[in-house]
Each structure stands twice: as C-alpha cells, then as structure tokens.
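Here's the structure we're looking at; comments come further down.
The values are calculated or read from the model by the stated rules, or taken from the named source; none is laboratory data. On a predicted model such as this, the values are computed, not experimentally measured, just so you know. We place every Cβ from the backbone using ideal geometry, glycine too, and count neighbours over all the protein chains shown. Note: areas computed on protein heavy atoms with side chains; ligands, DNA, RNA excluded. Shrake-Rupley method; radii C 1.70, N 1.55, O 1.52, S 1.80 Å.
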Amino acid sequence: MEHDIIPLFKVFMSEQAAVETSKILMSGYIGQGPRVEKFEKLLKNYFTNDNVVTVNSATSAEHLVLHMLKRPEQHTLSYHGVCFINQQWEGINTGDEILTTPLTCTATNWPILANDLNIKWVDIDPNTCNMDLDDLERKITPKTKAIMVVHWGGYPVDLNRISEIQLKTQQLYGFKPVVIEDCAHAFGSTYEGTKIGSHGNICTFSFQAIKHLTSGDGGCIVFPHNDQVQRAKLLRWYGIDRNDNRKDFRCESNISEFGFKMHMNDINATIGIENFPIVVEKNLKTTIDNANFYNKELSDVPGITLLENKSDRQSTYWVYTIKVDRQTDFMNKMKECNIMVSRVHERNDIHSCVSKYRCHLPNLDKLVKEMICIPVGWWITPEDRQYIVDCIKSGW
C-alpha cells in the first residue's frame, strides 16, 4: 500500500493565530504597534535578555547588523546603576573581510555583499555541517572584522572555541572580531545548558514560514550591548524615533542617521505570539524526540553516517542531516517511498555573483556529495518515523 507523502517541511499555525490575526486585520491598525511590543517582551523573557529587536526578516536582521558594524562605536554596560566602558569598536572599513560559511541559505551571506563588504569562505566540519573552526583560525588576518557562523540544523557551533579564536586574534592584531550567530535553524537549541542567543554575541533569528517558530515572516536580533538596541530600533524604521512625542505625527522628527523599512508589523507579531507557547511547550519537544529516535535506530545502518551529537549541546533539529553512500540512489529510493528529502541549501560559493571569492574547500566538496536531510519536525508521527527508518533500512 502506497504511503502518503511525508513532507520535509510544514508550516505550523495555531488555530488561535487565525482568530487573533483576524482581529488585528479588522482593527484599523496593522503596522508596528502594541502587538510587536508584546512579541518582543515574550522573546526577551525567553532569551533572558532585554536587548531584543524584531524585524521583518532574518535577512533584514543580518543586513541591519552589518550596516551598524560599519560605524565606530564605544559600547557601555550598566552594573548596579554604574555605567562603564565595555568595548571600543573601530568599525568595518573598505577591504575588511567577513569570514563566513558557504553552507547556508544565501540569506546569510548576501547581506555581506549588500553592505559592500568582502566575503572570505571558511570550510565545513563534515561531522557537524557547521564551520570548520581549524580552518577559521587559519584564515584570520588583520582584515578579519567579523565572523558569521550558522548553527546548521540547530546543532550549536563550539562557542567556547570561537571565543578562544577571538582572544587569539586580539593578541595578534589588537582587536576582537565580532561574532554574528545566524540562529535561523536554532530557535530553542542550547549550548552548555544556555539557549542559543544568550552567549554574548550578536544573534539573528528567523521566523519565516517553515521555521520552528513562524510569525508568517519576520525575525529578530539579540544584541549583547543595551546601547545597540535604540540605534537598531531607529534604523529599522527610516531613522525615525517612533516613541518621540510630537505634535504633528512624524513631521517634527530630525533624522540624524538614515535607516530602512525593516520593522515587524502587528499582523506578523500576533501570529508569533499565538504560535509561541505551542512551539516552546510541545513542538520543539516532539522534534527532539523524533531526532533521538533516529539517533538510536540509524546508528548502525550500513551506508549511513550520523553527525556529531555532543552532550554539552542540544539541537532542536530544524533539519535532521545524515551522510549517505550513493546520495542519488538514496534520494531516488526515498522518492519511491514518498519521503521528501533534500540537501536543503546549495553551497553559496558556487554562484557567479561571488566568483571572485572562490577558494578550495575540500571538506565541503566531499560533504555535498554525501549529506541529505530527512523529515523530523513536529508533524512527524511515531508511525511516520518508523516508516522512514524501515525504508532506509531496506537499502537503496
């Protein structure tokens, strides 16, 4: 008997999201308003960090962050009411480099180009699909101003090793490159017991349609410094202070720094608010349970190699990636079984628009011929996952 198609991705939408969004649609106010503030408050509590700024996409989040980093800044922190200087940032200049991973959605890397900055590709760790941190350390130069890492599938990069590389760079060249964590896959993942987004780096999250938590479309930035928040809020809406009390709407506000149209609206925020509790309390747990089932059942299957799974970190498995012998044959077998599989993202470095940055990446060259992602999300039932395992175990 033919099995129904098992999708690789599926949009989660709570019933209450439809109800509450309808109210917003008919309210006469659908732009950035109180629902955005409520969603931001939810996220602040979740990350235990007040420095959260929502935007209309994760791509906008990364574009905005890189734009902000081009300007020199002196960050301050307050402790028990006392302000002190925390870090001097000299800004990113023409000719400086952003070290980044090519194994990701182009949404990670195209904002680098949009900000007229230079890409330097770092090879991939074939055991994780994350950045190869040995190659990262080798490629650090005085022109390295930022490091863009992606937590592939939700599995956290070794953030302690990243910190060590930052400190070595400071000893060698007198400054620490900024670390930007692209957390699009990693909502709810933890490293050493702490949620991704809370380890002192600039972090961007995606709430796009098929992510763990969707707001229809949208994203957020989690900043390490509280003085970055106000600037980001200005820049996400043309440079205008929406909280400024004016007699004539927006006509009296001076714009000292031009900005963009990157803010979230109350429609998207309402979807996010209503989806949030079910995602956090139920869906993430289901996805992790499905992944744990695969970790056990596929561990000794001929032709299958599982990725690293260290005890100091917990992935929420936006995708479940394995390495397979004879990738094309495996994909054909899964198609016959009505199981959708994919590599999900093409390597970014092969596109002609970044041809001048091409370099030899031997690990990635081999990995893309082996890696494949199988369905793992909240919609996968115990019966589905058993069927998927049985199809894999039957050979290809």
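Data overview
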item: Pairwise label distance in nanometres, GLU2 with ASP289, each label 7 Å out on the Cα-Cβ vector; result: 3.1 nm
item: Cα-projected label distance for GLU297 with MET13, points at 7 Å along beta-carbon direction, nm; result: 3.0 nm
item: Reference-scaled alpha-carbon Rg (2.2 N^0.38 Å with N residues) for region 147-187; result: 1.28
item: Carbon plus sulfur fraction of accessible area for region 152-197, probe 1.4 Å, in percent; result: 44 percent
item: Percent carbon-and-sulfur accessible area, region 215-300, ignoring ligands, DNA and RNA, probe 1.4 Å; result: 48 percent
item: Degrees between helix 266-278 axis and first principal axis of the chain (Cα, 0 to 90, nearest 10); result: 50 degrees
item: The chain: relative contact order in percent, alpha carbon pairs under 8 Å with at least 6 residues between; result: 23 percent
item: Rule-of-thumb Rg ratio for region 239-396 [Cα; 2.2 N^0.38 Å; N residues]; result: 1.51
item: Residue-normalised accessible area of region 78-180, expressed per residue, 1.4 Å probe, Å²; result: 41 Å²
item: Per residue accessible area of region 272-396, 1.4 Å probe, in Å²; result: 48 Å²
item: Two-site FRET efficiency, SER22 against LYS393, from Cβ-Cβ distance with R₀ of 41 Å, rounded to 0.05; result: 0.35
item: Per-residue ³J(HN,Hα) for region 140-148, Karplus 6.51 cos²θ - 1.76 cosθ + 1.60, θ = phi - 60°, Hz, x for Gly and Pro; result: 5, 9, x, 8, 6, 9, 8, 10, 9
item: Cα gyration tensor, the chain - rounded (a/c under 1.5), prolate or oblate; result: oblate
item: SER256/LYS38 FRET efficiency (R0 22 Å; Cβ-Cβ; nearest 0.05); result: 0.15
item: Anisotropy class of region 1-76 from Cα gyration tensor, a/c 1.5 cut; result: oblate
item: The chain, dipole about Cα centre (Lys/Arg Cβ +1, Asp/Glu Cβ -1), debye to the nearest 20; result: 620 debye
item: Rounded if a/c under 1.5, otherwise prolate or oblate - region 135-256, Cα gyration tensor axes; result: oblate
item: Distance between modelled label sites at ASP329 and LYS369, nm, 7 Å Cα→Cβ extension; result: 1.5 nm
item: Above-threshold pairs, the threshold being 18 Å between Cα atoms, out of LYS10/LYS285; LYS369/LYS393; LYS139/LYS366; LYS44/LYS285; result: LYS369/LYS393; LYS139/LYS366; LYS44/LYS285
